[in-house]
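The structure appears right after this line, and notes come after that.
The values are calculated or read from the model by the stated rules, or taken from the named source; none is laboratory data. None of these values were measured; they are calculated from a predicted model. Here the Cβ positions follow ideal geometry from the backbone for every residue, glycine too, while neighbour counts run over all protein chains shown.
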Amino acid sequence: MSTTGIGILLVVSLALQSSSSVVEVSYDANAIIINGERKIIMSGAIHYPRSTPEMWPDLIQEAKEGGLDAIETYIFWDKHEPVLLKYDFSGNLELIKFFKLIQEAGLYAVMRIGPYVCAEWNYGGFPLWLHNMPGIQLRKDNTVYKNEMQIFTTKVVNLCKEAKLFAPQGGPIIMAQKENEYRDVAGRYGEAGKSYIKWAAQMAVGQNIGVPWIMCKYNEAPQPMINTCNGFYCDNFTPNNPKSPKMFTENWLGWFQKWGERAPHRTAGDVSFSVARFVEKGGVFNNYYMYHGGTSFGRTSGDPYIMTSYDYDAPLDEYGNVNQSKWGHLRDLHAAIKSGEKIITSGIRTEKKYDEWVY
């Protein structure tokens, strides 16, 4: 074979390898669709700053063995930009490494930029220098705030693009979130809140990441944002667009603990019921909050009385150990749901009395 022929074969081979790594993410009312396959996604929250890099591989592997398809995390603005325009992505803030480990394990990722995250985190994840900027009004249609929010969002997105972490680049990130639980403050912010949210949605879409954007716990989320549900039960939740998938972005597996209070506990049976009921009524994305809670190191706890332990009665405890029976019970539930995934996501359902379904 000639040198020219070998060169052509090499180019074709590289092109095929490149195209095979591209992941297309879409959706309809009955499924999350990944490369044409209709899926129910089981996800779990693991916050990278609440553990150590040495723990990440084991946490991710335990999540995979527990039947999860994806790992979800917030992005913590105050830790990444402790001083204006001075960034830190080292140590347990090395989010690129965290996402790459997720991909190496064969899992997807969901990135919740916020950048307000709540998360029982100091100042909701806002850096304190932001509070002190002249003329600023947080989470409103305010030029000073929007400028800083866009700068940080773009910084994170560009880092992920450079590392080829978004699904269309062959990376693990299949969804991203902008803002967080805005319903809790929308009433007091009025029109300045509505116009801000509209801007935030447009700004997010303008980042051109190639995967769907979501807004949790805010029924007025503008298109093309997918509005989603947080809580203990979300089976009765209905998206504000009939073409959107029904998503449960925070299925609370326990709760945070305050000093002097009993450790919160939610039974494995109750969690399983909430998931099964959600899927029965059309749910196609369930994210456990938290799958591993970990530890709020330093002064990151968001309230004077919230403990540094963020165990959350999660399937993986504060130290990364398997919490039985919750971990195993949910693993078996995931397997049962996956066995009927193709039928469940087909959209063909016939309602019967007693809320049973025939497929």
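Against the definition (assigned to a helix (DSSP H, G or I), at pLDDT 95 or above and under 24 Å from F98 (Cα atoms)), how does P53 come out, yes or no? First the steps, then the outcome.
Values: assigned to a helix (DSSP H, G or I): no; at pLDDT 95 or above: yes; under 24 Å from F98 (Cα atoms): yes.
So P53 does not fit the description; no.
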Item checked: So E72, is it of a type in the set (D, E) and surrounded by 24 or more Cβ atoms within 10 Å (Cβ to Cβ) -> yes
Margin query: Pairs please, first residue from region 257-271 and surrounded by 12 or more Cβ atoms within 10 Å (Cβ to Cβ), second anywhere and assigned to a helix (DSSP H, G or I), Cβ atoms under 6 Å, 6+ apart in sequence or on different chains.
Written below: A268/K326; A268/H329
Notebook entry, point to check: Among A186, A192, which is the only one that is in contact with a Lys or Arg (Cβ under 8 Å, 6 or more places away or on another chain), of a type in the set (A, V, I, L, M, F, W, C) and buried (at least 17 other Cβ atoms within 10 Å of the Cβ)?
Noted result: A186
Margin query: Restricting to region 221-231, count the residues that are touching a helix residue (DSSP H, G or I) at 6+ places or on another chain (Cβ under 7 Å) and surrounded by fewer than 20 Cβ atoms within 10 Å (Cβ to Cβ).
Written below: 2
Next item on the list: For region 76-168, please list each of the helices (runs of 4 or more DSSP H) lying entirely inside it that holds at least 1 residues being at pLDDT 95 or above, of a type in the set (D, E, K, R) and farther than 19 Å from A201 by Cα.
Entry: 77-80, 95-104, 143-162
Check: Taking region 59-78 only, how many residues are closer than 14 Å to L316 by Cα and out of contact with any Leu (no Cβ under 9 Å at 6 or more places or on another chain)?
Finding: 2
Note to self: What pairs come out if I take residues in region 137-148 that are in contact (Cβ under 8 Å) with a residue 24 or more places away in the chain and surrounded by 18 or more Cβ atoms within 10 Å (Cβ to Cβ) and pair them with residues that are part of a loop (DSSP other than H, G, I, E, B) and among the acidic types (D, E) whose C-beta lies under 8 Å away, six or more apart or interchain?
What the structure shows: R139/E179
Next item on the list: Say whether the condition of being surrounded by fewer than 23 Cβ atoms within 10 Å (Cβ to Cβ) and of a type in the set (D, E, K, R) is met by at least one residue in region 171-179.
Entry: no
Next item on the list: Kindly indicate the residue of region 272-306 that is on the phi > 0 side of the Ramachandran plot and under 20 Å from the mean Cα position of the chain (by Cα) and also surrounded by the most Cβ atoms within 10 Å (Cβ to Cβ) among those meeting that condition.
Entry: G294
Next item on the list: Mind listing just one residue for me: the one in region 180-235 that is out of contact with any Gly (no Cβ under 9 Å at 6 or more places or on another chain) and among the hydroxyl-bearing types (S, T, Y) and, of those, nearest to F248 (Cα to Cα)?
Entry: T228
Notebook entry, point to check: Of all residues in region 307-337 being among the charged types (D, E, K, R) and more than 20 Å from the chain's Cα centre (by Cα), which is nearest to V284 (Cα to Cα)?
Noted result: D332
Note to self: If I go through region 119-136 residue by residue, how many of them are under 19 Å from Y74 (Cβ atoms) and surrounded by 15 or more Cβ atoms within 10 Å (Cβ to Cβ)?
What the structure shows: 10
Note to self: Just checking, does region 197-205 include any residue being more than 24 Å from A109 (Cβ to Cβ), buried (at least 19 other Cβ atoms within 10 Å of the Cβ) and of a type outside the set (A, V, I, L, M)?
What the structure shows: no
Next item on the list: Just give me the residues in region 75-89 being closer than 28 Å to V22 by Cα and surrounded by fewer than 20 Cβ atoms within 10 Å (Cβ to Cβ), in sequence order.
Entry: F89
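Scan region 249-307 for residues that are aliphatic (A, V, I, L, M), under 22 Å from K217 (Cα atoms) and part of a loop (DSSP other than H, G, I, E, B) and jot them down. Lay out the reasoning, then the answer.
To start, the set of residues in region 249-307 that are aliphatic (A, V, I, L, M) comprises 253, 263, 268, 271, 275-276, 279, 284, 290, 306-307.
Subsequent filtering for residues that are under 22 Å from K217 (Cα atoms) retains 253, 271, 275-276, 279, 284, 290.
Within region 249-307, L253 is the sole residue that qualifies.
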